[in-house]
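Engineer: Attaching a single structure in structure tokens format; questions to follow.
The values are calculated or read from the model by the stated rules, or taken from the named source; none is laboratory data. Predicted model, so just to flag it, every value in this text is computed and none were measured. Don't worry about glycine lacking a Cβ; one is built from the backbone with ideal geometry, like all the others, and counts go over all protein chains shown.
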Amino acid sequence: MRWSSRLQFSVPGSQFSVGNGVVRTENWELRTRVLAILVAAVTLLSAALAADEERISVYSPVAVYSLPVLERGGREYVGLLELLEPLGRVSSQTSGRRWRLRYNTVDAEFAAGKTRAKIHGRDFDFTAPFLMENSRGLVPLNSLSALLPRFLGTAVNFRESARRLFIGDVGIQTSFRLDASTPPRVVLNFSAPVNPTIATEPGRLRMVFKRDPVVSPGSQSISFDNKVITHASYSENNGDAELDVAANQPLMATFSNDRKTIIVSAVPPTPAPPVGVGPGPQNPAQASAAANAAAAVHRVLVVVDPAHGGEERGAALTDTLAEKTVTLGFGRLLRHELEVRGFAVTLLRDADTGATLDQRAAAANVARAAIYISLHAVSQGSGARVYTALLPVEGTSNGLFHPWNAAQAPALPVSRLVSAAIVTEMQKKEFPVRASSASLRPLNNLLMPAVAIELAPGPDGVADLTFANYQQRAASAIADAVVSVRDRLGVQP
Amino acid sequence: MIPRHLLIGVAALLVLVVTMGIYVRHMRRRAGEIEASAVNALPVAPPASGPTEAVTLYVADDAAEMLRARSAQIPLPGGRQQRAEELLRALLRIYQQPGSAHPLSPASDIRSIYLVDPGAAVIDLNAAFADQHRSGILSEQLTVNSLVETLAVNVPGIQRVNILVEGKTRDTLAGHVDLSESFDVITVEQAGGQ
């Protein structure tokens, strides 16, 4: 704000002359409101755009990832450096309009606006000009099939319409089979374990494979000669693969065979008891649409906290593997296992981001979670350990208010119950496991039942900690345990 | 023309300055060597001499995931605080032996123990103890339990223990176990018995 007059005015948003000076008056309240509206609009717009963001999924033996697709001049582009980075050693150098890239031992030179590049000493022609933006090299999406083998030295299969890029022989084969038993069911077999997101709609069960390189079963659509389950279809779009099963009744999905088989069946006419009420479901591993519907009435919120993150790496499990990496992957699997059992799940971090212990505790307390599960990993020992809080000496309650360092005290008996249930379920899956107490924050600061689980190596050593199957077995046991104690947990109003 | 005696005086001063410079450099190098040798030396104090006493040390065993009570005969001084320090140093020597069931860094040391009435003990660890401790809930908790239980069993009257590092409060021992609060001896003993 600037004025050159001795007078001060309060006319909203006006600017006028007084004598020799110019007076600017500003209504800050109005401006603040306008600014807030603008920020909200931009945020909403960004969220809407993010939801529909176009992306390409890349499946390779070393990494599975997705990248944003950019539209420039009516054509789709992708950043070449970002595309190659997870696959090997990459470096780039910008010199004027020239962009040099080195991937492992392959050198390449590109020129902004040109369609010809030199890769490993040979010319390469793009279908559209190479672009440079902020020292990033962008290549046309439809050139990837020809471009990538020059760098990788291996065949790639790029499904351009679906934006799915397969590097090497990584595809997961799929097959359908209808089993006309009662109730009827469709058996989906996969050549490797899969981890789809499952959603149910009236008369339809959708399985979306975001990270699994699932490929078409041959026929895009199969009709079944069955009154209940009528047909199944396969489709690909925007980096995802989707399998849909249509029926005249509600459907549910069950995993088996180490997640290589998904059985989709009609929910029996006599409804199963809701998850966690009474003795619990016969098979808690079922991803049941009916269970989801029942749970929707009283959603139990589970907060899963992959420990460490960001600058805080946690334990060094190997020279290159940090605890924070294992806990994040483990957390994502546990989220999935809990969701398919009908729980609402908040993952306190879904990326390599950090948060203080107080922030983690506050997030769980504010969310009024029914249970909090902290995940850790360690390179010593074997199996897993389950910890409840070891409360400090100043842990006495003071009427309605609990000391921050002993907020866990009222919930500790249920925490121990949860711990015992996890031990039981993990032992069923032949995990060596022990329960104990530890002075471990933020367990002490949580109002709800809270446990920490430290995953230790399996029979194959530290390498097990990164194996999806190993984590999956542990996550499944933990989720089963949460199901078994559901009636002892607080339910959100 | 500069007088001859002045030239001789200036020359003598120059020689003196150069000699002093060389001497100072030599002394600085020597001081550095003494400092380095002091840092490299194991900080664990030698055991006290004199008659020995029977004590019970609670020794962590990583493989068994528990503490094991071990009887030992160690020389203990008369003062309560000195006794506590010698006890924990004896415990530390076990962890620093090759092939220990719960290895701790050779540079780990107990700087001091303060016994504060009523019933409170403060263990002050050196930085290497925490910085070079293995990171993990079990390993860290076993270390804490071992220190607390050994102290509580052999020094009567201790009800709670605080652990400092280099005289300051530290959030965690090695990334997991919380050191910002007191450890209640009874609670730790009960947890150790689980």
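Engineer: Across region A:172-206, which residue is nearest to A:GLY342 (Cα to Cα) among those that are hydroxyl-bearing (Ser, Thr, Tyr) and out of contact with any Leu (no Cβ under 8 Å at 6 or more places or on another chain)? Before you say what the answer is, go through the steps one by one.
Structural biologist: Going through region A:172-206, the residues hydroxyl-bearing (Ser, Thr, Tyr) turn out to be A:174-175, A:181-182, A:191, A:197, A:200.
Add one more test, that the residue is out of contact with any Leu (no Cβ under 8 Å at 6 or more places or on another chain), and what stays is A:181-182, A:191, A:197.
On the way: A:SER181: 26, A:THR182: 24, A:SER191: 27, A:THR197: 13 Å.
The qualifying residue nearest to A:GLY342 (Cα to Cα) is A:THR197.
Engineer: Moving to a separate point now. Hey, among the residues in region B:164-192 that are more than 26 Å from B:GLN132 (Cβ to Cβ) and either in contact with an Asp or Glu (Cβ under 7 Å, 6 or more places away or on another chain) or surrounded by fewer than 20 Cβ atoms within 10 Å (Cβ to Cβ) (or both), which one's nearest to the other protein chains (Cβ to nearest Cβ)?
Structural biologist: Initial filter on region B:164-192 (more than 26 Å from B:GLN132 (Cβ to Cβ)): B:184-187, B:189-190.
Then keep just the ones that are either in contact with an Asp or Glu (Cβ under 7 Å, 6 or more places away or on another chain) or surrounded by fewer than 20 Cβ atoms within 10 Å (Cβ to Cβ) (or both); that gives B:186-187, B:189-190.
Numbers: B:ILE186: 9, B:THR187: 6, B:GLU189: 11, B:GLN190: 8 Å.
Here the answer is B:THR187.
Engineer: Among B:VAL153, B:VAL161, which is within 22 Å of B:ARG70 (Cβ to Cβ) and surrounded by 18 or more Cβ atoms within 10 Å (Cβ to Cβ)?
Structural biologist: Numbers: B:VAL153 fails: surrounded by 18 or more Cβ atoms within 10 Å (Cβ to Cβ).
Being within 22 Å of B:ARG70 (Cβ to Cβ) and surrounded by 18 or more Cβ atoms within 10 Å (Cβ to Cβ) holds for just one of B:VAL153, B:VAL161, which is B:VAL161.
Here is a yes/no grid of residues against (1) assigned to a loop (DSSP other than H, G, I, E, B); (2) more than 14 Å from chain B (Cβ to nearest Cβ):
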{"residue": "A:LEU338", "(1), (2)": "no, yes"}
{"residue": "A:ARG341", "(1), (2)": "yes, yes"}
{"residue": "A:ARG349", "(1), (2)": "yes, yes"}
{"residue": "A:GLN380", "(1), (2)": "yes, no"}
{"residue": "A:ASN405", "(1), (2)": "no, no"}
{"residue": "A:PRO410", "(1), (2)": "no, yes"}
{"residue": "A:SER415", "(1), (2)": "no, no"}
{"residue": "A:THR424", "(1), (2)": "no, yes"}
{"residue": "A:SER437", "(1), (2)": "no, no"}
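Engineer: For region B:112-148, what are the residues that are in contact with a Phe, Trp or Tyr (Cβ under 9 Å, 6 or more places away or on another chain), surrounded by fewer than 22 Cβ atoms within 10 Å (Cβ to Cβ) and either within 15 Å of B:GLU189 (Cα to Cα) or free of Cβ contacts under 8 Å to residues at least 60 places away in the same chain (or both)?
Structural biologist: Of everything in region B:112-148, those that are in contact with a Phe, Trp or Tyr (Cβ under 9 Å, 6 or more places away or on another chain), surrounded by fewer than 22 Cβ atoms within 10 Å (Cβ to Cβ) and either within 15 Å of B:GLU189 (Cα to Cα) or free of Cβ contacts under 8 Å to residues at least 60 places away in the same chain (or both) turn out to be B:VAL122, B:ASP124.
Engineer: For the list (1) within 14 Å of chain B (Cβ to nearest Cβ); (2) at pLDDT below 90; (3) surrounded by fewer than 24 Cβ atoms within 10 Å (Cβ to Cβ); (4) in contact with a helix residue (DSSP H, G or I) (Cβ under 8 Å, 6 or more places away or on another chain), I need the number of the one condition that A:LEU390 fails.
Structural biologist: It fails just one condition, (3).
Engineer: Looking at (1) of a type in the set (Gly, Ala, Ser); (2) modelled with pLDDT under 85; (3) in the same structural domain as A:ARG163 (by TED's automatic domain parsing); (4) closer than 30 Å to A:GLY329 by Cα, which is the only condition A:SER46 fails?
Structural biologist: In the conditions (1) of a type in the set (Gly, Ala, Ser); (2) modelled with pLDDT under 85; (3) in the same structural domain as A:ARG163 (by TED's automatic domain parsing); (4) closer than 30 Å to A:GLY329 by Cα, A:SER46 misses (3) alone.
Engineer: Within region A:458-468, is even one residue in the same structural domain as A:VAL386 (by TED's automatic domain parsing), buried (at least 18 other Cβ atoms within 10 Å of the Cβ) and among the polar types (S, T, N, Q)?
Structural biologist: No, region A:458-468 has no match at all.
Engineer: What do you reckon, is A:ALA307 over 29 Å from B:VAL144 (Cα atoms), buried (at least 24 other Cβ atoms within 10 Å of the Cβ) and at pLDDT 90 or above?
Structural biologist: Spelling it out, it is not the case that A:ALA307 is over 29 Å from B:VAL144 (Cα atoms), buried (at least 24 other Cβ atoms within 10 Å of the Cβ) and at pLDDT 90 or above.
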